[in-house]
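Below: the structure, in structure tokens.
Read the figures in this text as sums done on the coordinates, not as results from a lab. A quick note: this is a predicted structure, and the numbers were derived from the prediction, not measured. With ideal geometry, Cβ positions are generated from the backbone for all residues, glycine too; neighbour counts draw on all protein chains shown.
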Amino acid sequence: MRWTAGVLLGGLALAQSLTVAPEARVGVPLEIQGADFPPGRHTLTIESDTGRSQAVLEAPGGQFTFTWTPPRAGVFRISVELQGRRVEAQTRVTLQTPLPTPQLEADGLVVGGWKLPLSGPWIGPKVLGSRAFIAQGPLVLEIDLQTPRVVAEHFPPAEVRALETDPEPAVLLEDGRRLSLAALAGKPYEGRWESLSILQDYFKDHAPTSAQRPYWYYFTREASSLSPDDLEAVGRDLLQRGHRPELAWGTGALRWLEPWLMRVRAARQEGLEKSLVWSEFFLKYLPQLPGARAVLLEQADWLEAQGRPDLAERYRDALRAVAGWQPPLTSAHLAQLTGVLGGLYLLMVLYLSLLYLPAQLRGVRPSGGWLLGWLRHPLLRLRHSVLAYTTLGERALLLLLFGLTILAFLAWGFLGRAEALAAQEELNRGTLRSSAAQETLRNLANTGPARGLLAYALAQENPAEARRLYETAPAWTHVLLGRGTPAALAQAYRQAPHAPPVREALGLGGDFWTGVYHEAGVAREAVPTPRVIIAAIGLSHLHNFVANFLEVWHDLPLWPSPLWAWGAAGLAALLALYHLLCFFLPRPQNTQDGVVWRRTVQLLFPGSPTYSQGWGVLVLLVFGAGVWLWRFEPGPGLALALLALGAHLVLWLTLVYRRRS
């Protein structure tokens with residue numbers, strides 16, 4: 001409010017003062033304040049041309065406050081007598097003009113004779129003093145009722161469900177939060193991406209009046225209408241609202257940002273500087289937006305073709321850092337690995353079945369044969385199962401392959417669940433500091449890695465809780481930097497000496513994004529990248545698996561139905577029991593006959609001549625690795641598989657030569 005102070009006439013050095021608003025309304029309470037008076041009682045006089053009134057006030061400590069309601073219009077003089085001197089102030093009281101009542105109609109808001117054209121359903125109006133508020137989606141309009149016009153737009157970080165004006169203008173969001181209009185700064189957008197079309201439709205017909213506008217307002221603008229300064233404002237706002245280039249974005253934002261991304265290519269026709277404006281924006285602030293990395297790699301090649309290899313290498317170096325933020329393995333990789341290990345296990349079973357088939361057929365003949373023996377004499381038939389004829393080394397190798405297959409399968413399931421959770425919209429908006437992301441992280445198992453993620457998410461909103469979580473989290477790099485102690489920083493440097501946040505914290509340099517953070521006025525932190533997030537979530541699932549095996553097994557995202565989960569669990573348990581039981585079965589005699597048969601079978605299976613000696617296992621695993629790698633890198637994968645087959649052929653020929661000699 002505007003205030004004016006009355007001072008002691010002829011005695012300014014004494015500094016006693018009366019403070020009152022220079023203008024007031026009839027019937028509206030007015031506050032009168034006195035300062036620097038001698039402690040005790042004082043008589044306050046209020047007079048005008050038509051009357052006079054007095055009040056006796058206590059001034060403990062020399063200060064007093066008196067509330068007075070003007071009864072009529074006019075100029076009122078307010079004074080206090082003090083030892084023959086007078087401290088005086090005055091205020092002008094005018095009649096209160098009735099404010100027009102705002103009304104929402106089908107085609108807009110009407111205030112007296114003024115109309116604001118609007119479309120769609122709006123919430124409100126809510127009136128507070130001389131201001132009215134209406135809302136639609138993630139937009140609130142503030143209207144001055146004295147001189148009807150839109151005086152401000154407010155941009156809540158989600159869709160508005162209701163407006164409140166007691167005791168202050170506030171919004172109740174669809175996600176349940178209540179936010180004052182004065183507390184919207186610094187909040188990332190958490191609403192539905194399609195709701196931003198409300199902003200787009202409104203600002204097609206109305207010019208914005210608020211100077212400060214959030215990044216999601218600019219998302220709705222045409223790319224051709226944005227200036228370099230607009231893009232820098234968007235980038236700075238992204239960082240200041242908790243978004244980080246180290247964190248991933250989902251496909252939802254592409255509804256608005258895909259035209260911007262395509263602008264990188266289109267602007268090449270307009271020259272180097274125009275194209276760099278757009279590519280620099282994405283490299284600085286949104287390098288993990290879906291499709292951005294491919295476009296930026298294209299930009300690096302284009303820059304080199306334009307005679308700027310220095311800029312091209314700058315882009316490639318930054319994009320190598322972006323690639324380092326991604327997990328080295330995906331669930332698709334582990335699915336292939338599970339298939340390869342399972343194939344090697346079945347290959348080994350087939351090899352042993354063929355190798356010992358003649359001896360096994362002789363052994364099961366008294367019990368009814370290879371198949372009927374299970375019905376006539378099941379225990380005797382089990383005594384002559386294929387593993388009973390194998391050597392101890394072959395039994396151990398088969399158990400090893402079975403165990404590796406089960407471990408790869410579990411890793412596939414855990415990583416698949418971690419990827420599915422990390423791909424949720426709550427964690428896929430370039431920030432972990434939104435309320436939805438924090439709630440998602442709180443719902444994870446209470447494990448050390450998960451506490452490290454939650455500590456980062458709460459670091460700005462609740463520093464005390466974040467410090468407690470950092471202390472109980474494992475000593476990962478982002479956790480050590482979050483602790484911030486000298487010992488933690490030293491340990492972080494020894495653990496990750498080339499990590500840019502670590503080097504920045506120790507004053508040893510940085511990377512491409514060091515200047516980006518500095519220009520935005522945002523402190524650089526050790527951000528948990530997608531690699532760290534997926535690892536933390538996967539380890540949380542592993543912790544749950546140990547604590548509650550059956551529930552986690554049932555919830556793996558690999559089963560078409562629960563029946564498959566329980567069927568697979570039963571089969572795995574039976575196979576594990578069978579493998580362990582076979583270590584106690586005595587090996588029958590005369591299992592080494594049929595040399596030609598054995599050599600023929602061994603020729604067909606990589607590494608088989610020396611499985612029991614260890615070399616064959618290595619050849620088999622190298623062959624499997626080559627087959628797995630061939631799915632992603634055909635050249636190196638085929639070369640590795642052929643190398644294993646060559647080694648197998650050498651081992652086989654060596655075995656045959658030794659037998660003959």
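When +1 charges are put on Lys and Arg Cβ atoms and -1 charges on Asp and Glu Cβ atoms, the dipole computed for the chain relative to its Cα centre reaches about 3120 debye.
Equivalent ellipsoid of the chain: semi-axes from √(5λ) of the C-alpha gyration tensor, largest first, are 77, 29, 25 Å. With a Förster radius of 56 Å applied to the beta-carbon distance between Glu105 and Ala487, the computed FRET efficiency rounds to 0.25. Compared with the alpha-carbon gap, the fully stretched path from Ala464 to Tyr657 is longer by 62.1 nm at 0.36 nm per residue.
Using R0 = 56 Å, the C-beta based FRET efficiency linking Glu304 and Leu400 works out to 0.70.
A Cα-only calculation for the stretch 187-340 places Rg and Dmax at 17.5, 63 Å. Here the simple spin-label model places points 7 Å from the Cα toward Cβ, and for Arg599 and Asn446 these points are separated by 6.8 nm.
Hey, any idea what Rg/Rh is for the stretch 593-660, computing Rh the Kirkwood way over Cα pairs?
Dividing the radius of gyration by the Kirkwood radius yields 1.06.
Tell me which aspartates and glutamates have Cα within less than 15 Å of Lys204's Cα, excluding those fewer than 8 residues away on the same chain? Candidates past the 8-residue exclusion: Glu153, Glu222. Computed extension length for Phe549-Leu580: 9.1 nm, one decimal, from 0.36 nm per residue of separation with the Cα-Cα distance subtracted. Projecting the Cα atoms of Leu319, Gln33, Asn446 onto the charge dipole of the chain (Cβ charges, centred on the Cα centre) puts Asn446 farthest toward the positive pole.
Using C-alpha pairs under 8 Å with a sequence gap of at least 6, the mean separation divided by the residue count of the stretch 59-154 gives a relative contact order of 14 percent.
With R₀ set to 25 Å, the beta-carbon distance separating Val151 from Arg25 gives a calculated FRET efficiency near 0.80.
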